[in-house]
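In what follows, a single structure is set out as structure tokens and then discussed.
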Amino acid sequence: MSALRVVEILRRMEQGRTRPFLVRAEDDALYVAKGRETTQRGLVAEWLCAHLGRALDLPIPPFTLLEVPAELVAALGAEGGALGASTAFGSRLESGVQDFAIAQLRNVDVALRRRLLAFDWWVENADRTLSELGGNPNLLWRAAGDALLVIDHNLAFDREFDESTFFATHVFHGDASALFEDWINWTDAANRLRAALPSFDEALASMPDSGIGSTPRRRYRLV
């Protein structure tokens, strides 16, 4: 996938742990751009998970690599260092969406809930939490059509991933028993995960040699 050149940096966003930047690319679309402050490891995780998630039919917004010109970064002053004049990960800005709330749980298709739960377990992503007390689900909700959007995977492939914490805090943890303890449901999920594996190699192969960087092959959890 060829990187799109950023032609305008509009502002730094308030949402998100890394506070990404809202930018306009050469295709005239708006993107939420994550750069240097996300860390190279985080950018690689975003890129790999976006491909894997799409292969699993998860509703991940269109994404791309972005080339950020040095002159645009320099114009931001000190804050520009958080983006960096290099390759960034861009997720297309979606309109008509809001942060996902626990009241919307019942409106999410059960098959999608289980598919996302299996995916997050597979890529060791514990950063999708939500309960009555709050949390950070990294999900967006479009009320028109009851559509879920899945975002933010920079903390995936967590070396300190703890399954007990994951199953206690994941936004869809209520589906864990029906997914992992039911032979039919788990067989279906495992087959889907296996079928998605080729997209992992494709994502690795499509990363540039610099900027977002490359990552040594690691024995990620396989099913």
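Here, each number is a calculation from the coordinates, and none is a lab measurement. As the structure is a computational prediction, the values presented were derived from the model and not from experiment. Reconstructed Cβ throughout: ideal geometry from the backbone, glycine too, with neighbour counts over all protein chains shown.
Relative contact order of the range 98-199, taken over Cα pairs closer than 8 Å and 6 or more residues apart, is 30 percent. Residue-wise HN-Hα couplings along the range 40-54, as the Karplus relation 6.51 cos²θ - 1.76 cosθ + 1.60 with θ = phi - 60° gives them from phi, are 4, 4, x, 5, 4, 4, 4, 5, 5, 5, 4, 5, 5, x, 4 Hz; Gly and Pro carry x. Kirkwood hydrodynamic radius computed over the range 38-86 comes to 12.5 Å, based on all pairs of distinct alpha carbons.
Between the Cα long axis of helix 183-206 and the first principal axis of the chain there is an angle of about 20°, rounded to the nearest 10.
For the listed peptides 34-40, 179-185, a ranking on the average number of other beta carbons within 10 Å per residue, highest first, reads 34-40, 179-185.
Largest GNM mean-square fluctuation across VAL23, VAL110, VAL68, computed for the chain with C-alpha springs under 10 Å, falls on VAL110. This model, with +1 at the C-beta of Lys and Arg and -1 at the C-beta of Asp and Glu, gives the range 2-155 a dipole about its Cα centre of some 220 debye. Give the Rg/Rh ratio for the chain, taking Rg as the radius of gyration of the Cα atoms and Rh as the Kirkwood radius, to two decimals. Rg divided by Rh gives 0.97. Spatial offset of the range 1-57 relative to the range 148-172 amounts to 19 Å, using the alpha carbon center of each. For the chain, averaging the sequence separation of C-alpha pairs within contact (under 8 Å, six or more residues apart) and dividing by the residue count gives a relative contact order of 22 percent. Comparing mean-square fluctuations of ASP152, ASP28, ASP127 from a GNM of the chain with C-alpha springs under 10 Å, the top value falls on ASP28.
Within the range 1-104, the proportion of C-alpha pairs whose separation exceeds 23 Å stands at 25%.
For the range 74-140, which trypsin sites (Lys or Arg not before Pro) are in a loop by DSSP, counting at most 14 other Cβ atoms within 10 Å?
Qualifying residues, ordered by number: none.
For the range 98-199, the spread of Cα coordinates along the three principal axes comes to 32, 30, 27 Å, biggest extent given first.
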